[in-house]
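Participant: The following block contains the structure, expressed as structure tokens.
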């Protein structure tokens, strides 16, 4: 894709389902796309098979997508860097870039986080990690109701790109937008990131409801009360209230709680059916961000004195072995109150 006579070059760090999907989408728009992953042998497999069998099966990778095993070369090759790294590994990869700082030119580059999580020990958002490790770089975040296989199959979807620099947000809006992928802009990076991360906790609760055999009424209750507590914590952390009623808030929450392809909802369903968390995690290929985010959000709710009853009960189920049935009782028997 040529802009002002210059063809944009884009590097995607992370060869999971979402990273691969974005690589396909952007390459088909005509951009030069490089995909980096942490495991060279798997990159070789992607290049040979032109299919991400492990994370995005039955979707062909465009022949235009190139693969790069050296992270320094991958970052130096482009001016737009997309970080599609799960939150638990995010700082590790960014630190690698920082360590190689003398060999990498960060000038003029835009770093975009598409991860949906909160760092477990520090409670940091991904953009905060980038700011700590790579101070001064231009940043943006992309989030929304974007189940990767659906976007890869070109089914209609929307998302939000947020940046403190509206010109960067608008530039990225043009780059990512397609006939089936509509992008909005925002300046609320805090709210967009928190919406994408915290909804995974509520999705686990929705899945537990499914696993226990509850109906649509129960799920509606989880969604409507879940967005309230997400908003409470978001406000304390500096987010704009309206962001949580938009695409990266209620929109993402709805998709993640309903979709059969949602890994967090599926994890919750398996818990509701009686499986142990350890066994579920050991059997999963993709990362369920909601597990570590639950602990981070629970700790934050204590620090900031925010009432988050659903998050609390999911934390007790995941980390204290509370039974889902008792958690439901605790939620239903809470003190009566005004909405």
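The numbers here are math on the coordinates, done by the rules we state, and not lab data. The structure displayed is predicted, hence computed values, not measured ones. No Cβ is skipped: glycine too gets one built from the backbone with ideal geometry, and neighbour counts run over all protein chains shown.
Participant: Report, to the nearest 10°, how far helix 189-211 tilts away from the longest principal axis of the Cα atoms in the chain, using its own Cα long axis and a range of 0 to 90°.
Facilitator: 50
Participant: Can you give the relative contact order of segment 240-323 as a percent, counting alpha carbon pairs under 8 Å and 6+ residues apart?
Facilitator: Rounded, it is 17 percent for segment 240-323.
Participant: Scaled to the compact-protein estimate 2.2 N^0.38 Å, what is the alpha-carbon radius of gyration of segment 77-133, rounded to two decimal places?
Facilitator: So the Cα radius of gyration is 1.10 times the expected 2.2 N^0.38 Å.
Participant: Which residue fluctuates most in the GNM of the chain (Cα springs below 10 Å): 81, 303, 24?
Facilitator: Checking each option, the largest mean-square fluctuation is seen for 303.
Participant: Is the C-alpha gyration tensor of segment 2-190 telling us rounded, prolate or oblate? Criteria: a/c under 1.5 is rounded; beyond that, a/b larger than b/c is prolate, otherwise oblate.
Facilitator: It is rounded, given that a/c, with a ≥ b ≥ c, falls under 1.5.
Participant: Using 0.36 nm times the number of residues separating residue 242 and residue 64, minus their current alpha carbon distance, what extension gain do you get?
Facilitator: 60.2 nm
Participant: Follow-up question, since we're still on this one. Determine, for each peptide in 202-214, 278-290, 320-332, 146-158, the mean count of other beta carbons within 10 angstrom over its residues, then list the peptides with the highest first.
Facilitator: Ranked by mean Cβ neighbours within 10 Å, highest first: 202-214, 146-158, 278-290, 320-332.
Participant: Could you work out the relative contact order of the chain? I mean the mean sequence separation of Cα pairs under 8 Å and 6+ apart, divided by the number of residues, in percent.
Facilitator: 14
Participant: Moving to a separate point now. Between helix 263-272 and the chain, what is the angle of the helix's C-alpha long axis to the longest principal axis, kept within 0 to 90° and rounded to the nearest 10?
Facilitator: Computed tilt is about 30 degrees.
Participant: Next question, about the same structure. With 10 angstrom as the radius, rank 105, 301, 177 by how many other C-beta atoms surround their C-beta, starting from the fewest.
Facilitator: Ordered by Cβ neighbours within 10 Å, fewest first: 105, 177, 301.
Participant: Calculate the all-directions average of the projected area of the chain's alpha-carbon convex hull, and give it in nm².
Facilitator: In nm², the orientation-averaged hull projection of the chain is 16.7.
Participant: With a/c under 1.5 counting as rounded, go ahead and sort segment 94-210 into rounded, prolate or oblate using the C-alpha gyration tensor (a ≥ b ≥ c being the square roots of the eigenvalues; past the cut-off, prolate if a/b is larger than b/c, else oblate).
Facilitator: oblate
Participant: As a test, work out the antiparallel percent of DSSP beta bridges whose residues both lie in the chain, rounded to the nearest 5.
Facilitator: Here the share of antiparallel DSSP bridges comes out near 20 percent.
Participant: Which residue, 216, 115, 84, tops the fluctuation ranking in a GNM of the chain built on C-alpha contacts under 10 Å?
Facilitator: Result: 216 has the largest fluctuation of those listed.
Participant: Sticking with this one: Under the rule of -39500 (n - 2.57) per DSSP H run of 4 or more residues, summed and divided by the residues of the chain, what mean residue ellipticity at 222 nm is obtained, to the nearest 500 deg cm²/dmol?
Facilitator: Dividing the helical sum by the residues of the chain leaves -15000 deg cm²/dmol.
Participant: Take every DSSP beta bridge whose two residues both sit in segment 2-190, then give the antiparallel share in percent to the nearest 5.
Facilitator: The antiparallel proportion sits near 20 percent.
Participant: With axes computed from alpha carbons, what is the tilt in degrees of helix 290-303 against the longest principal axis of the chain, rounded to the nearest 10 within 0 to 90?
Facilitator: Roughly 70 degrees between the two axes.
Participant: Starting from the 7 Å offset along Cα-to-Cβ, what nm value, one decimal, do you get for the label separation of residue 51 and residue 281?
Facilitator: Output for this residue pair reads 3.1 nm.
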